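What follows draws every value from the coordinates through simple rules; no lab data is involved. Predicted model only: the values in this text are computed from it and were never measured. Here Cβ is always computed from backbone atoms with ideal geometry, including for glycine, and neighbour counts include all displayed protein chains.
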Amino acid sequence: MSKPKVIVTRRWPEAVEEALREHFDVEVRVDDKPMSKSELMDALTRADALFPTVTDRIDAEVLNSEPMRCRLIGNFGVGFNNIDTDAAKSRGIVVTNTPDVLTHATADLAMALLLAVARRVGEGERHVRSKAWTGWRPTHMMGTQVTGKRLGLIGIGRIGGAVAKKASHGFDMNVQAYDPFPPSADRLKDLGVTLVDSPKTIFETSDFVSLHCPATPENRHLVNAERLASMNPAAFLINTARGDIVDEAALVNALQSGVIAGAGLDVFEQEPKVTDELLTMDNVVLLPHLGSATTETREAMGFRVLKNARAFFKGEEPNDRVA
């Protein structure tokens with residue numbers, strides 16, 4: 001019996017690609033460049049399953065491909081806002097994602113950005129590399145203390161919860177969170193989190209605001225000029241969620257005018273394009289979407305896609321079905 005054909009839109013960790021080939025007829029885009037819309041459409045007509053990444057836009061037009069062969073889209077990522085799930089359902093295509101396995105990697109990176117922007121790590125490293133450093137002095141490149149400060153979280157799901165625990169237990173931070181669907185009171189107590197009833201409170205009263213909410217139409221530009229203006233001028237914004245949650249133009253204005261002290265960004269509104277002004281600012285730490293970029297996590301994500309696909313082609317319900 002022939003193996004189901006799957007198309008993988010980008011290179012995956014070698015161990016996962018080898019495992020995929022044991023169970024499927026695998027075609028991998030080896031040049032590791034994004035597929036065009038026409039290439040994605042072609043893939044849906046040639047494969048039984050498509051394994052895209054969160055940067056592949058699988059919209060209604062793409063899903064209108066004919067003749068449609070694809071029956072499963074296994075997204076390599078916990079977010080799936082890159083896929084029009086309603087259009088997928090209308091074509092009878094199952095969609096899965098990869099939750100759980102990237103929680104701590106992304107939470108670790110959020111804390112790394114928080115620490116880096118507060119302590120001017122990026123600026124300091126550039127200072128040393130440029131050979132501008134002339135030695136220690138009492139007032140040189142002073143930053144902001146993290147321990148004991150107030151951290152406000154927008155979203156207290158898996159990743160937000162992991163950030164909360166690291167911050168409250170590891171750095172003795174006073175952590176507060178807003179989430180329309182919060183965890184139980186016992187869970188919040190374990191995390192060391194105080195729940196507030198509106199995002200307004202988070203922005204107005206936090207020394208650091210970290211975003212951990214999904215990219216939905218409702219959350220687009222959740223962080224806008226008005227909310228940035230309500231923050232303390234000494235406060236920092238951290239984003240490891242999705243770029244379009246933040247109005248990037250408004251953020252640039254806020255950073256340039258001193259409305260907030262700085263930002264740590266792993267994601268961008270027009271990714272991979274980054275607003276030019278951000279590239280020149282010393283009060284911003286910029287990373288190339290590294291939230292889940294550990295060997296352990298990226299392998300686990302791939303194996304999660306594989307597990308879902310094997311279940312699907314055995315006629316079983318995938319654990320991580322989202323549509």
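For the stretch 103-286, the equivalent ellipsoid derived from the alpha-carbon gyration tensor has semi-axes of 26, 20, 14 Å in decreasing order. Stokes-Einstein diffusion for the stretch 179-323, with the hydrodynamic radius set to the Kirkwood value over Cα pairs and evaluated at 20 °C in a medium of 1.002 mPa s, equals 123 µm²/s. With contacts taken as Cα pairs under 8 Å at a separation of at least 6 residues, the chain carries a relative contact order of 18 percent. The modelled label-to-label distance between M68 and E271, using points 7 Å beyond Cα along the C-beta direction, is 2.7 nm.
Where does each of D56, D86 land when they are ranked from fewest to most other beta-carbon atoms within 10 angstrom?
Sorted ascending by nearby Cβ count, the order is D86, D56.
Restricting the calculation to Cα atoms, the chain shows an Rg/Rh of 1.01 when the hydrodynamic-style radius is the Kirkwood one. Modelled spin-label separation between L286 and R46, with each label point placed 7 Å from Cα along the Cα-to-Cβ direction: 3.5 nm.
Counting other beta carbons within 10 Å of each residue's own, what order do T9, T216, T103, T144 fall into, fewest first? Write down the numbers at each step before the final one.
Values: T9 23, T216 12, T103 19, T144 16.
Lowest count first: T216, T144, T103, T9.
With R₀ set to 22 Å, the beta-carbon distance separating A234 from L278 gives a calculated FRET efficiency near 0.65. In the stretch 103-286, Cα pairs under 8 Å separated by at least six residues give a relative contact order of 21 percent. Ordered by the number of other Cβ atoms lying within 10 Å of each residue's own Cβ, fewest first, L255, L228, L279, L153 fall into the sequence L279, L255, L228, L153. Model label sites at E296 and R187, defined 7 Å from Cα along the beta-carbon direction, differ in position by 2.2 nm. Taken over the chain, lysine pairs spaced eight or more positions apart, or on distinct chains, with alpha carbons under 23 Å apart number 20.
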